[in-house]
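Written below as structure tokens is the structure these notes are about.
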Amino acid sequence: MIPAAFEYARADSVEHAVELLGGEDAKLIAGGHSLIPLLRLRFARPSTLVDIGRLDGLRYVREDGDRIAIGALTRHADLARDPVLAKRCPLVAQVAEGIGDPQVRHRGTIGGSVAHADPASDLGTLMLTLDAELVAHGPDGERTIPAGAFFLGPFTSALDPREVLIELRIPAVSEGVYIKHVRRAQDWALVGVAAARVDGATRVGLTSMGATPLRAAAVEEAVAQGASPADAAAHATEGTEPASDAQGSAAYRAHLAGVLVRRALERL
Ligand SMILES: Cc1cc2nc3c(=O)[nH]c(=O)nc-3n(C[C@H](O)[C@H](O)[C@H](O)COP(=O)(O)OP(=O)(O)OC[C@H]3O[C@@H](n4cnc5c(N)ncnc54)[C@H](O)[C@@H]3O)c2cc1C
């Protein structure tokens, strides 16, 4: 389908993007790999697209004390081969490498992936699992949103419509694993599981197991109390609400979650 008509404006700075977002019903576009399909289906009909895709100043990965700062315009392919991540948080590179196909990885951005708040987003789950800090810039300046308060519902985040996500800050993590079950190669996760050891504690996140990316709090609690991977994984579906759709039933997703959580904990 052909999108409904819209105006197009290219931002030359974050401040300019915020200014352009002040227009009625304006929407940011970064890599376009989630938004353009929605425009074509006419699920999204913004009056103006504000293109931030050429703000190369938001395309970086750098060490920031005990954390790693990632610019929101950093593409999945950049994450997959970044030397700082390879050394200090290889889990991010592993997740990015498994997103879609090479075209998607060379256009899609981490900021777009997270801001889109798709419960099937691999990077959304990872940011939640790592307790990332998400830095937004809006008309009143900058604010930091913890990942735990960011995802409000399917495709709904804590970002104000006039805010631009500019940076994601994560801890350095040497032990981590992401497993996703896909129906075809280079596909979205039917269910995904992230597990990481951060400051001595085990954290577990789930993809496609509810309306938002989720933390498997009951699993984390069981591990903290010394449960084996199999025993902890028995709690994998607590607090989840997987959907039934053309890809798989809720019962199948629940089964997968248990299996994948156990495997992820075994591999940690
Ligand atoms: C064929 C295909 C396969 C895919 N497979 C996977 C997969 O396996 N796993 C996975 O996780 N993802 C997958 N994706 C999604 C892909 O990762 C997208 O690139 C990503 O979800 C969106 O990033 P983007 O830069 O393209 O954002 P866009 O499409 O440009 O924007 C998405 C949304 O985020 C908003 N936005 C963008 N940037 C910002 C910002 N900096 N601040 C505030 N709001 C912003 C936009 O307004 C829009 O609402 C796939 C996509 C396709 C087309």
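Here are some notes:
Rundown of residues vs (1) outside the structural domain of R105 (by TED's automatic domain parsing); (2) outside any strand (DSSP E or B); (3) within 15 Å of L128 (Cβ to Cβ), yes/no style:
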site	(1), (2), (3)
A196	yes, no, yes
T202	yes, no, yes
G205	yes, no, yes
G226	yes, yes, no
A232	yes, yes, no
T237	yes, yes, no
T240	yes, yes, yes
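- If the condition is being near the ligand (Cβ under 9 Å from one of its atoms), farther than 20 Å from R184 by Cβ and not basic (K, R), then the range 72-89 contributes A72, L73.
- Checking each residue in the range 111-140 for being within 11 Å of the chain's Cα centre (by Cα) and β-branched (V, I, T) picks out V114, T125, T129.
- Among residues of the range 151-169 that are surrounded by fewer than 21 Cβ atoms within 10 Å (Cβ to Cβ), those with a Cβ under 9 angstrom from a residue that is among the aromatic types (F, W, Y), sequence gap 6+ or separate chain, pair up as A158/F150; A158/F151; L159/F150.
- Candidate set: the range 151-165, residues that are in contact with a helix residue (DSSP H, G or I) (Cβ under 8 Å, 6 or more places away or on another chain) and part of a strand (DSSP E or B); chosen: the one farthest from the ligand (Cβ to nearest atom): F151
- Just one of the numbered conditions (1) near the ligand (Cβ under 8 Å from one of its atoms); (2) over 23 Å from A196 (Cα atoms) is not true of G124: (2).
- L21 vs. criteria outside the structural domain of I99 (by TED's automatic domain parsing) and in contact with a His (Cβ under 9 Å, 6 or more places away or on another chain): no
- Of everything in the range 174-216 that is of a type in the set (G, A, S) and over 17 Å from R263 (Cα atoms), the residue that is surrounded by the most Cβ atoms within 10 Å (Cβ to Cβ) is S208.
- Checked against (1) more than 19 Å from the chain's Cα centre (by Cα); (2) in a loop (DSSP other than H, G, I, E, B), A254 passes all but a single condition, namely (2).
- Taking the range 1-71 as the region of interest, the strands (runs of 3 or more DSSP E) fully inside it that hold 3 or more residues being closer than 25 Å to C89 by Cβ are 61-64, 67-71.
- Taking the numbered list (1) more than 9 Å from the ligand (Cβ to nearest atom); (2) out of contact with any helix residue (DSSP H, G or I) (no Cβ under 6 Å at 6 or more places or on another chain); (3) not aromatic (F, W, Y) in turn, V92 passes all entries but (2).
Conditions tested, residue by residue: (1) of a type in the set (A, V, I, L, M); (2) under 28 Å from D131 (Cβ atoms); (3) surrounded by fewer than 19 Cβ atoms within 10 Å (Cβ to Cβ).
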residue: I29; (1), (2), (3): yes, no, no
residue: L38; (1), (2), (3): yes, no, yes
residue: G65; (1), (2), (3): no, yes, yes
residue: P102; (1), (2), (3): no, no, yes
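- Test result for A234, farther than 24 Å from P171 by Cα, modelled with pLDDT of 95 or more and of a type outside the set (V, I, T): yes
- Checking each residue in the range 151-171 for being under 19 Å from T125 (Cβ atoms), among the hydrophobic types (A, V, I, L, M, F, W, C) and in contact with a strand residue (DSSP E or B) (Cβ under 7 Å, 6 or more places away or on another chain) picks out F151, A158, L159, L165, L168, I170.
The values are calculated or read from the model by the stated rules, or taken from the named source; none is laboratory data. This structure is a prediction, so every number in the text was calculated from the model and none was measured. For neighbour counting, all protein chains shown are included, and Cβ atoms are generated from backbone atoms with ideal geometry for every residue, glycine included.
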